[in-house]
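Note sheet for the following structure.
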């Protein structure tokens, strides 16, 4: 009888062990099959080259890599929010993710202006990529954004160039030239003598066409072509005034709740696309510029020397002011300055 009892106990114990061992496998299997859908509010209008060249391909590739388990619902500028509003609707969890420019929310971190880009400093996108990823700018920024419940990942680095409706003559009074600008570029252009104004993307073409403004920047050639600026403004100013970052802002709680495999796939894809998209964008810049010249009669025009001198001084002043914003801003500003020295820019 005791032998039968012991055998029965061993069988029951074995069943218990097997059940305990099986339970995590069942849970893990169910977890691995979980499906996720995020809403992504973009600052790009649906007509913008970046909406269709950046956000739409990201959503498609994520869907493919996760076999339909992780979908992004891409919304054009203004569907729920636009511009500076996007950071807050992501922070509050109204949407899980947004595309934005760091210049829209400079007060959220002392590093936000440097993450957007300091005018007149770096000259090529790879230099910004090096600063963001290898020299620690993005990681330092995200340490500060934790308290806001969000984090950011760079989407691409790209040049910013001004498009004007008329040429600038040397020594011309620029105070009669109204341009759309944003972030620290407002101070930069103001120091050069222009009159900057803040206008959201969806209203830009109309503002240019009707003479509300005399010029604008929306990236460089790709942005100008996709927004149809060259239909009404024929002069693209050289050189680029800024190497900037477009970025994704992501709700930290939503990110942490992702199944492990989806979180890893998402993170690696966004990181990978930052490098691929930045390089791809430079190719598209060349194609767009050629299109502008041959199809729209675009002229590539250098800034007059006197304007360039004022811009150079403005760049120094803006960087110095930014570095005074806090210890991390000072630290990263010193890294930026050291990089510029290595490159022979200062």
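Structure notes:
- Residue order, fewest to most beta carbons within 10 Å, for 157, 109, 175: 175, 109, 157
- The alpha carbons of region 306-346 occupy a box of 34, 23, 6 Å along the principal axes, longest dimension given first.
- Residue 198-residue 290 pseudo-label distance in nm [points 7 Å out on the Cα-to-Cβ vector]: 3.9 nm
- Extension gain, residue 71 to residue 148: 0.36 nm times the residue separation minus the Cα-Cα distance gives 25.2 nm.
- Normalised contact order of region 80-234, rounded percent, pairs of Cα under 8 Å and 6 or more residues apart: 21 percent
- Only beta bridges with both residues in region 34-342 are counted; by DSSP, about 50 percent of them are antiparallel.
- Residue 63/residue 346 FRET efficiency (R0 35 Å; Cβ-Cβ; nearest 0.05): 0.20
- The chain, relative contact order in percent, only Cα pairs under 8 angstrom and at least six apart counted: 22 percent
- Estimated inter-spin distance, residue 276 and residue 135, nm [label 7 Å along Cα→Cβ]: 2.7 nm
- Using a simple spin-label model with pseudo-atoms 7 Å out from Cα toward Cβ, residue 320 and residue 267 lie 4.1 nm apart.
- Highest mean first, the peptides 240-250, 43-53, 211-221, 323-333 sorted by other C-beta atoms within 10 Å per residue fall in the order 240-250, 211-221, 43-53, 323-333.
- Calculated diffusion of the chain, Stokes-Einstein form, Kirkwood radius summed over Cα pairs, 25 °C and 0.890 mPa s, µm²/s: 112 µm²/s
- In this entry, region 209-339 is assigned a mean projected area of 12.0 nm², taken as a quarter of its C-alpha convex hull surface.
- Which of 210, 267 has the fewest Cβ neighbours within 10 Å, and the rest in rising order: 210, 267
FYI, it's all coordinate maths here, none of it is from the lab. If you're wondering where the values come from, they're calculated on a predicted model, not measured in any experiment. Cβ sites come from the backbone with ideal geometry, for glycine too, and all protein chains shown count toward neighbours.
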